[in-house]
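Q: Just dropping this structure here.
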Ligand SMILES: CC(C)(COP(=O)(O)OP(=O)(O)OC[C@H]1O[C@@H](n2cnc3c(N)ncnc32)[C@H](O)[C@@H]1OP(=O)(O)O)[C@@H](O)C(=O)NCCC(=O)NCCS
């Protein structure tokens, strides 16, 4: 059974070692992953109730009043297709509580996933540093 943690202080680096940031050329370390969770305005973590290991997470950063952005959502491959991703999105939206603007950027094929959760497809402008997310200086 999957449980959802609203407080990232309840998760340890040891519980984040399942292989998040799939496909990233230089993914953050688990310690940086923990920093990301703890530095976000809202973080929800899906946990395997049997082992306590994290199987998914979502983060939101925002101004606390009008706006928020959802930079990261991921469910470990073995746990996909069980509505965990949808539940994480529902929970982060509920925590953000009707903010005027909640934005995220995704690949076109994922737009229907977010539309089913009430999102509106649109256009976006973005800046990306495609290099190293590990925190090591390059
Ligand atoms: C996107 C993601 C979080 C969905 O998690 P999940 O727990 O499998 O999601 P759910 O079970 O709630 O929903 C699955 C639905 O989303 C659709 N979906 C998931 N990933 C998709 C993708 N990359 N392209 C198209 N559809 C996708 C599935 O087809 C499925 O639809 P269905 O119910 O009609 O079959 C997960 O696939 C993931 O971690 N992907 C890699 C990271 C990523 O792309 N994150 C989003 C960044 S914007």
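The values are calculated or read from the model by the stated rules, or taken from the named source; none is laboratory data. Keep in mind it's a predicted model, so treat the numbers as computed, not measured. Glycine gets a Cβ as well: all are built from the backbone with ideal geometry, and neighbour counts include every protein chain shown.
Q: Where residues in the range 90-112 are in a loop (DSSP other than H, G, I, E, B) and more than 8 Å from the ligand (Cβ to nearest atom), which of them is modelled with the lowest pLDDT?
A: 98
Q: Sort through 78, 50 and tell me the only one that's more than 9 Å from the ligand (Cβ to nearest atom), farther than 25 Å from residue 134 by Cβ and modelled with pLDDT of 95 or more.
A: Exactly one residue qualifies, and that residue is 50.
Q: Checking residue 95 against (1) buried (at least 20 other Cβ atoms within 10 Å of the Cβ); (2) in contact (Cβ under 8 Å) with a residue 60 or more places away in the chain: exactly one of these is not met. Which one?
A: Against the list (1) buried (at least 20 other Cβ atoms within 10 Å of the Cβ); (2) in contact (Cβ under 8 Å) with a residue 60 or more places away in the chain, residue 95 comes up short only on (1).
Q: Report yes if residue 23 is within 16 Å of the ligand (Cβ to nearest atom), within 18 Å of residue 134 (Cβ to Cβ) and assigned to a loop (DSSP other than H, G, I, E, B), otherwise no.
A: Here the answer is yes, as residue 23 does meet what is asked.
Q: Being assigned to a loop (DSSP other than H, G, I, E, B) and closer than 26 Å to residue 94 by Cβ is the filter here; which residues of the range 113-125 pass it?
A: 116, 117, 118, 119, 120, 121, 122, 124
Q: For residue 56, indicate whether it is closer than 15 Å to residue 2 by Cα, within 12 Å of the ligand (Cβ to nearest atom) and part of a loop (DSSP other than H, G, I, E, B).
A: In short, no.
Q: While we're on this one: Cβ contacts < 7 Å: first residue within 15 Å of residue 119 (Cβ to Cβ), restricted to the range 68-85; second residue in a strand (DSSP E or B) and within 6 Å of the ligand (Cβ to nearest atom), any location; separation 6+ or different chain. Result?
A: Going by the 7 Å Cβ cut-off, the qualifying pairs are 85/73; 85/75.
Q: Right, something else. Give the residue, chosen from 61, 44, that is within 26 Å of residue 100 (Cβ to Cβ), surrounded by fewer than 18 Cβ atoms within 10 Å (Cβ to Cβ) and touching a strand residue (DSSP E or B) at 6+ places or on another chain (Cβ under 7 Å).
A: From the options 61, 44, the qualifying one is 61.
For (1) more than 15 Å from the ligand (Cβ to nearest atom); (2) in a loop (DSSP other than H, G, I, E, B); (3) over 20 Å from residue 5 (Cβ atoms), each residue gets a yes or a no:
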{"position": "70", "(1), (2), (3)": "no, no, no"}
{"position": "88", "(1), (2), (3)": "no, no, no"}
{"position": "128", "(1), (2), (3)": "no, yes, yes"}
{"position": "132", "(1), (2), (3)": "yes, yes, yes"}
